[in-house]
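Only the coordinates and a few stated rules stand behind these numbers; no lab work does. The structure displayed is predicted, hence computed values, not measured ones. Backbone-built Cβ (ideal geometry, glycine too); neighbour counts: all protein chains shown.
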Amino acid sequence: MSHGREVIRESDGELVGYVREADGDLWSPLTVFGFPLGPDAPYEDARAAVESTGMAALAEPWQYRDADGEWYACAIQEANPDRVRVTITDLGHPDAYQSRTVERPSEALRR
């Protein structure tokens, strides 16, 4: 699955996110699984946003939408373009502190 142009960290070759064409001359900075990191910007600014915040954003608090349609707090453990592994950190969830693999994470995760 392609979310746009890959942004690769030069120091180790790690994929840190994507930039995708938006309206006009603007580009969207995205996480490795396609979630927006910030507002659309010129290409170089969007790329810089991915480079500076793409990996750090994964360590922030997120929410996971369970099969019941409810949102629960979670922590991202591993992120790939087509799936994300999370640990549910919401004590209101019956499976708190258990892990889940989220397919189509751009639809089932939010900050």
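Observations on the model:
- Here the dipole of the chain is about 220 debye; that uses its Cα centre as origin and unit charges on the Cβ of Lys and Arg (positive) and Asp and Glu (negative).
- Where [x] 15.6; [y] 13.9; [z] 14.3 are the candidate values, the label of the one calculated here for Kirkwood radius over Cα pairs in Å is [z].
- Computed from point charges on the beta carbon alone (+1 for Lys and Arg, -1 for Asp and Glu), the dipole magnitude for the range 61-110 about its Cα centre is near 160 Debye.
- Contact order normalised by residue count of the chain, Cα under 8 Å, 6+ apart, percent: 19
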